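Readers should treat all values here as calculations from the given coordinates under stated rules, not as data from a laboratory. Please read these numbers as outputs of a predicted model, since none were measured by experiment. Here Cβ is always computed from backbone atoms with ideal geometry, including for glycine, and neighbour counts include all displayed protein chains.
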Amino acid sequence: MVKEFEGNMTGKLVINEYLFLLILFLLASFLRILYAFYLKGNIPVSDAAGFDLLGLNIWKYGEYVFQRGIPTAHRTPIYPLFLSGVYFLFGHSYLAVRIIQSIIGGLTCVVIYFIGKKTINKNVGFIAATISIFYPFFIYYTGYLLVETLFTFLLAVAVYWLIISAQKPDWKNLALSGIFTGLAALCKPTAFTFLPFSVLGFLVILGIRKISTYRNIAIFLLFFIIILSPWVSRNYIVFKRIIPSATQLGKTLLDGSVLFDAQHQWRLEQEQQTNPILLRGKELHEIERNDYYTKEALNFIRHNPKYMMKLAVWKFLKFWRLYPHTETIYTYGHSKTLLVLISLLSYGILLPFSILGIIFSIKKWKQFTFFYGLIGSFTMIHLIFWSQIRYRLPIMPYIIVFAAFSLNSIIEKMKSLRLAKQLKI
């Protein structure tokens, strides 16, 4: 009888969890789809226009190019391939992209639940997932043809499998963690900066002195390399150069040093017409241009260390600032005041709880190793390259989990105090 009762209770808990996840996914997707219809007539600009063109050319001509007949490796391939797949199924429809990104956003909330559950407990997963449903910037970026929504999802799945691999390091879990980390890196090069911290996480959690730890790391890295190999092979065939990520890195490094302006980010548009480095770069082939920009940027950094330290402070503040810049190109037609208010009432409230959660996590720091690595690596890389709020989005799931952890700890503490008071009575 007891076993039967326990079995029935377990079954009910599983059903309740599945029901919660279904409601979570449907509600999150619905809110994002509503926003997609609100943006129905919005046309891609800047980075979004570039992604759109790549996706369009893959779909129409089967070429990874901005201009027909001229191959490019300026962007990593996953997001343009995603766009081309949507265009193949639904035609050149921005609304279709936004709806599918809305569904991906809904799935991301589900993954965040499992990350919180596996790292801490089910209550933290529940709180984190609920916050994620309504977090404004998760909704906001599903409406634009930018890499962040897909990248955030792939990175979250990678982190989930890394956590599972650290808890149960069999070849299947390690393979899946390597596969999704590789897909995240091919979606956006920033994920490469997390790779050393993934390895460090395994060393810390599984044990640095165990031979099995190095075997597990080798399996993880093997599948990571397998996922990268088609892109690297293609680039070597086309450009006769090993390019694991993209040829935009030189320009991004230049943007983050020579051209960086903390006060007026879009000064770059004017610089395109007058800066001698950029004018010289336009005359060069893509690979040569990347090398030239990298050389000039590194030379500038080497000769201006004090200035770069000052820029690093500005970039840190830009990366973690409480609300977006209010230049017109950032607002996409939305009210500037409304964007600031929404940011302050969401991220502005979330951040203090996240910091508190990080403090609480120190007691059990090993289980949060992957979180620390992600947040630290993404922050550090944007102190060197370009920095803005949008680039923070992929690490927000872990900021949210930390906030959920602190909220759950406060709730549990309040319950304990209330129970202690009742027992005294």
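Tabulated data for the structure shown
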| quantity | calculated |
| --- | --- |
| Share of Cα-Cα pairs in the range 150-223 lying beyond 17 Å, as whole percent | 34 |
| Using alpha carbons only: equivalent-ellipsoid semi-axes of the range 112-172, gyration tensor based, whole Å | 24, 17, 5 |
| Positive dipole terminus of the chain, leading residue within 317, 157, 372 (C-beta point charges) | 372 |
| Nearest-ten-degree value, helix 47-61 long axis tilted from longest Cα axis of the chain | 80 |
| Separation of the residue 277 and residue 199 label points, Cα + 7 Å toward Cβ, nm | 3.0 |
| Cα-based helix-to-principal-axis angle, 305-320 vs the chain, degrees rounded to 10 | 50 |
| Residue among 186, 22, 150 with the largest mean-square fluctuation in a Gaussian network model of the chain, springs linking Cα atoms under 10 Å | 22 |
| Per-peptide average of other Cβ atoms within 10 Å, ordering 51-59, 297-305 highest first | 51-59, 297-305 |
| Residue among 345, 231, 126 farthest towards the positive dipole end of the chain, charges placed on Cβ | 126 |
| Convex hull of the range 159-295 built on C-alpha atoms - directionally averaged projected area, nm² | 10.6 |
| Separation of alpha-carbon centers, the range 66-111 and the range 386-408, rounded to whole Å | 24 |
| Shape call, the range 58-119: gyration tensor on alpha carbons, a/c limit 1.5 | oblate |
| Exposure proxy ranking, count of Cβ atoms within 10 Å, fewest first, for 142, 181, 190 | 190, 181, 142 |
| Residue of 63, 283, 148 that the Gaussian network model of the chain assigns the largest fluctuation, springs spanning Cα pairs under 10 Å | 283 |
| Phi to ³J(HN,Hα) by Karplus 6.51 cos²θ - 1.76 cosθ + 1.60 over the range 77-83, Hz, x for Gly, Pro | x, 4, 5, x, 5, 4, 4 |
| Of 84, 219, 294, farthest towards positive along the dipole that unit charges on Lys, Arg, Asp, Glu beta carbons give the range 2-424 | 219 |
| Cα-based radius of gyration of the range 2-424 once divided by 2.2 N^0.38 Å, which approximates compact folds | 1.04 |
| Cross-link reach list, lysines versus residue 118, counting only Cα pairs under 16 Å and skipping chain neighbours closer than eight places | 168, 364, 366 |
| Karplus 3J(HN,Hα) series, Hz, for the range 195-204 with 6.51 cos²θ - 1.76 cosθ + 1.60 (x for Gly, Pro) | 4, x, 6, 5, 4, 4, x, 4, 4, 5 |
| Point-charge dipole on Cβ atoms (K/R +1, D/E -1) for the range 2-424, about Cα centre, debye to 20 | 1280 |
